[in-house]
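Enquirer: One structure is given below, represented as structure tokens, and several questions about it will come after.
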Amino acid sequence: MRAQLTDIVMAYDEAGSGPPLLLIHGYPLSRKLWAPQLAALGDAARVIAPDLRGFGESDAPKAPYTMDQLADDCVALLDSLEVTEPVVVGGLSMGGYIALAFWRRHAARVAGLILAATRAGADSEAGKAGRDAAAATAREKGSEAIIDGMLPKMLAPSAYADRPEVVAEARQVMAGAPVPGIVGALMAMRDRPDSTVLLAEIDRPVLVIHGADDVLIPPSEAEAMHRALSHGRLVLMPNAGHLLNLEQPARFNAEARTFLTAL
Ligand code: MLT
């Protein structure tokens, strides 16, 4: 499905009915990431999964983007779908950075947060330099170079040995990411503010869920967020890497369902 927002067309999937659950993908991914949740959680929630600007089938205007803009795009999508009640905002990795921006800018619209495979802090100086280097690679060599570089870090190490179908799925979720989207998101991540101070003020339930084998964002980041939250639950999923919802969908969906029904 597609929605015309102020300056872009945003593609999205929607399934089920009930309290709204917005699922925000990470970088350099697409809404295909959430296929196992769209398939399974529709009896517990109205699940809405957009392609962020620059990814999947959404328009990809020129870089740079900002986290605030990406969060505001999600709000504009909710408005266009006439979702007026508070929403559970779930985000994976960069999607989590956007979920925290959503909270900072639109707290009244948040019923709860699912922070998956993410962190609250900003980029270090070395991290920022890495974003610039990745943007240069994307511009010079195209998006396949970025996807080839990311794929070996997306899953638990054991998945590359034992689960070729999950590796293929992860590649599919990244396939076709356009260069403007990759560069735009890299700039947004490089310049994002530190959201650590926000955590203590979040007065809604928060599920912090992380793969124990995540090599892109270590589980210690999830533990640190959980310590700073006053309404947080921490789940560390064994045998799961960065794309934990795709790698271990049954466990992820069970945790999400428990969280949603307790709200
Ligand atoms: C993501 O998966 O969204 C990104 O790898 C996060 C990041 O690079 O900080």
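Enquirer: Can you tell me how many residues within the stretch 76-98 are open to solvent by 10 Å² or more (accessible area, probe 1.4 Å) and under 15 Å from the mean Cα position of the chain (by Cα)? Show your work before the answer.
Expert: In the first step, residues of the stretch 76-98 are kept if they are open to solvent by 10 Å² or more (accessible area, probe 1.4 Å); the result is 76, 79-82, 84-86, 93, 97.
Next, only the ones that are under 15 Å from the mean Cα position of the chain (by Cα) stay: 93, 97.
Result for the stretch 76-98: 2.
Enquirer: A further question on this structure: Filter the stretch 4-44 for residues that are among the aliphatic types (A, V, I, L, M), free of Cβ contacts under 8 Å to residues at least 40 places away in the same chain and either open to solvent by less than 50 Å² (accessible area, probe 1.4 Å) or in a strand (DSSP E or B) (or both) and give the result.
Expert: Those that are among the aliphatic types (A, V, I, L, M), free of Cβ contacts under 8 Å to residues at least 40 places away in the same chain and either open to solvent by less than 50 Å² (accessible area, probe 1.4 Å) or in a strand (DSSP E or B) (or both): A15, L38.
Enquirer: Taking P178 as meeting all but one of (1) closer than 20 Å to L52 by Cβ; (2) out of contact with any Gly (no Cβ under 9 Å at 6 or more places or on another chain); (3) in contact (Cβ under 8 Å) with a residue 40 or more places away in the chain, write down the number of the exception.
Expert: Against the list (1) closer than 20 Å to L52 by Cβ; (2) out of contact with any Gly (no Cβ under 9 Å at 6 or more places or on another chain); (3) in contact (Cβ under 8 Å) with a residue 40 or more places away in the chain, P178 comes up short only on (2).
Enquirer: For P205, are the conditions met, namely being surrounded by fewer than 23 Cβ atoms within 10 Å (Cβ to Cβ), in contact with a Phe, Trp or Tyr (Cβ under 9 Å, 6 or more places away or on another chain) and more than 23 Å from Y65 (Cβ to Cβ)? So that I can check it myself, show each step before the final result.
Expert: Details: surrounded by fewer than 23 Cβ atoms within 10 Å (Cβ to Cβ): yes; in contact with a Phe, Trp or Tyr (Cβ under 9 Å, 6 or more places away or on another chain): yes; more than 23 Å from Y65 (Cβ to Cβ): yes.
In short, yes.
Enquirer: Is there a residue in the stretch 129-138 that is within 13 Å of the ligand (Cβ to nearest atom) and within 18 Å of the chain's Cα centre (by Cα)?
Expert: yes
Enquirer: Could we say that Y65 is of a type in the set (S, T, Y) and within 27 Å of A240 (Cα to Cα) here?
Expert: Working: of a type in the set (S, T, Y): yes; within 27 Å of A240 (Cα to Cα): no.
Judged against the criteria, Y65 is not a match.
Enquirer: Among the listed residues V183, V166, V197, which satisfies the condition of being over 23 Å from N245 (Cα atoms) and either among the charged types (D, E, K, R) or open to solvent by less than 10 Å² (accessible area, probe 1.4 Å) (or both)?
Expert: Testing whether each residue is over 23 Å from N245 (Cα atoms) and either among the charged types (D, E, K, R) or open to solvent by less than 10 Å² (accessible area, probe 1.4 Å) (or both) leaves just V183.
Enquirer: Any idea which of (1) touching a residue at least 24 places away in the same chain (Cβ under 8 Å); (2) assigned to a helix (DSSP H, G or I) is the one E85 doesn't satisfy?
Expert: So E85 meets the others, but not (2).
Enquirer: Condition check: in a helix (DSSP H, G or I), over 25 Å from G16 (Cβ atoms) and under 14 Å from the mean Cα position of the chain (by Cα). Does A101 satisfy that?
Expert: Working: in a helix (DSSP H, G or I): yes; over 25 Å from G16 (Cβ atoms): yes; under 14 Å from the mean Cα position of the chain (by Cα): yes.
The answer is yes for A101.
Enquirer: Please state which one of D132, D72, D59, D68 is in a helix (DSSP H, G or I), open to solvent by 40 Å² or more (accessible area, probe 1.4 Å) and farther than 27 Å from A200 by Cα.
Expert: Numbers: D72 fails: farther than 27 Å from A200 by Cα; D59 fails: in a helix (DSSP H, G or I); D68 fails: farther than 27 Å from A200 by Cα.
The conditions single out D132.
Enquirer: Here's something else I'd like to know. Determine, yes or no, whether I146 is closer than 18 Å to L52 by Cα and either assigned to a helix (DSSP H, G or I) or touching an Asp or Glu at 6+ places or on another chain (Cβ under 8 Å) (or both). If you could, list the steps in order and put the result at the bottom.
Expert: Working: closer than 18 Å to L52 by Cα: yes; either assigned to a helix (DSSP H, G or I) or touching an Asp or Glu at 6+ places or on another chain (Cβ under 8 Å) (or both): yes.
So I146 passes the test.
For every residue, the table says whether it meets (1) out of contact with any Ser or Thr (no Cβ under 9 Å at 6 or more places or on another chain); (2) away from the ligand (no atom under 15 Å from the Cβ).
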position	(1), (2)
M10	no, yes
A15	yes, yes
G18	yes, yes
K32	yes, no
D43	no, yes
Y65	yes, no
A76	no, yes
E85	yes, yes
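Enquirer: Next question. Show the residue pairs that are 6+ apart or on different chains and have beta-carbon atoms under 8 Å apart, the first residue being within the stretch 106-124 and away from the ligand (no atom under 16 Å from the Cβ), the second being modelled with pLDDT under 95.
Expert: Once the first residue is away from the ligand (no atom under 16 Å from the Cβ) and sits in the stretch 106-124, its partners that are modelled with pLDDT under 95 give A111/L263; G112/L263.
Enquirer: From (1) in contact (Cβ under 8 Å) with a residue 24 or more places away in the chain; (2) in a helix (DSSP H, G or I); (3) surrounded by fewer than 23 Cβ atoms within 10 Å (Cβ to Cβ), pick out the condition that doesn't hold for R251.
Expert: (1)
The values are calculated or read from the model by the stated rules, or taken from the named source; none is laboratory data. Because the structure is a prediction, the values reported are computed rather than measured. In this analysis, Cβ positions are derived from the backbone assuming ideal geometry, glycine residues included, and neighbour counts consider all displayed protein chains. Side chains included, ligands, DNA and RNA excluded: accessible areas come from the protein's heavy atoms. Shrake-Rupley method; radii C 1.70, N 1.55, O 1.52, S 1.80 Å.
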